[in-house]
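The values are calculated or read from the model by the stated rules, or taken from the named source; none is laboratory data. Nothing here was measured: the structure is a model prediction, and the numbers come from that model. Glycine also receives a Cβ, built like all others from the backbone with ideal geometry; neighbour counts cover every protein chain displayed. Remember, those area values only see protein heavy atoms, side chains included, never the ligands or the DNA or RNA. Shrake-Rupley method; radii C 1.70, N 1.55, O 1.52, S 1.80 Å.
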Amino acid sequence: MRYLGGLFEIAQASKVGIVVDKEKIIVQDAVAKVCDLFSIDPYSSISEGTLIITCRPRKANEVIKRLNNKGILASTVGEVVPEDKGMHYFEAGRNTS
């Protein structure tokens, strides 16, 4: 699955599954405008310039808080699951594998 590039690359390389809530992925205004101008889907384009962090669930809020305190937008967009659960993303009530 190529959709959501970097997230699925991490899952494949780590031999895990992943569940992602697309609505929680931050797309900054400038990125959205450029993608719109050239009819590019920001979710399926290369994840250049994107930092993807995986951490233990109990640490996620602290990681986000520290990044936000430094002016870096961050959000929790999903969770790592066992590989046999597969790779899925959700958006506006849709479940896609």
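What number of residues in segment 81-97 are closer than 18 Å to Ile25 by Cβ and either open to solvent by 90 Å² or more (accessible area, probe 1.4 Å) or at pLDDT below 95 (or both)? Can you show your working first?
Taking segment 81-97 first, the residues closer than 18 Å to Ile25 by Cβ are 81, 87-97.
Within this subset, residues satisfying the condition of being either open to solvent by 90 Å² or more (accessible area, probe 1.4 Å) or at pLDDT below 95 (or both) are 87-97.
Residues that pass the stated criteria total 11.
Can you tell me which residue in segment 2-21 is modelled with the highest pLDDT, limited to those that are open to solvent by 30 Å² or more (accessible area, probe 1.4 Å) and closer than 10 Å to Ile52 by Cβ? Can you show your working first?
Here is the first cut: in segment 2-21, the ones open to solvent by 30 Å² or more (accessible area, probe 1.4 Å) are 2-3, 9-10, 12-16, 19, 21.
Narrowing the set further to residues that are closer than 10 Å to Ile52 by Cβ leaves 9-10.
Working: Glu9: 86, Ile10: 89.
Among those that are open to solvent by 30 Å² or more (accessible area, probe 1.4 Å) and closer than 10 Å to Ile52 by Cβ, it is Ile10.
Could you tell me which residue of segment 22-42 is nearest to Ser75 (Cα to Cα), considering only residues that are part of a loop (DSSP other than H, G, I, E, B) and open to solvent by 50 Å² or more (accessible area, probe 1.4 Å)? Outline the logic, then answer.
Within segment 22-42, the first condition is being part of a loop (DSSP other than H, G, I, E, B), and the residues that meet it are 25-28, 38-42.
Still in the list and also open to solvent by 50 Å² or more (accessible area, probe 1.4 Å): 26, 28, 38-41.
Details: Ile26: 7, Gln28: 12, Phe38: 26, Ser39: 25, Ile40: 23, Asp41: 20 Å.
Only one residue fits best here, namely Ile26.
Can you confirm whether segment 64-74 contains a residue that is of a type outside the set (Asp, Glu), at pLDDT 90 or above and in contact with a Pro (Cβ under 9 Å, 6 or more places away or on another chain)?
no
Among the residues of segment 49-80, how many are under 17 Å from the mean Cα position of the chain (by Cα) and either touching a residue at least 40 places away in the same chain (Cβ under 8 Å) or exposed (fewer than 10 other Cβ atoms within 10 Å of the Cβ) (or both)?
15
Of the numbered conditions (1) outside any strand (DSSP E or B); (2) at pLDDT 85 or above; (3) open to solvent by 100 Å² or more (accessible area, probe 1.4 Å); (4) within 18 Å of Val20 (Cβ to Cβ), Ile46 fails exactly one; give the number of that condition.
For Ile46, the exception is condition (2).
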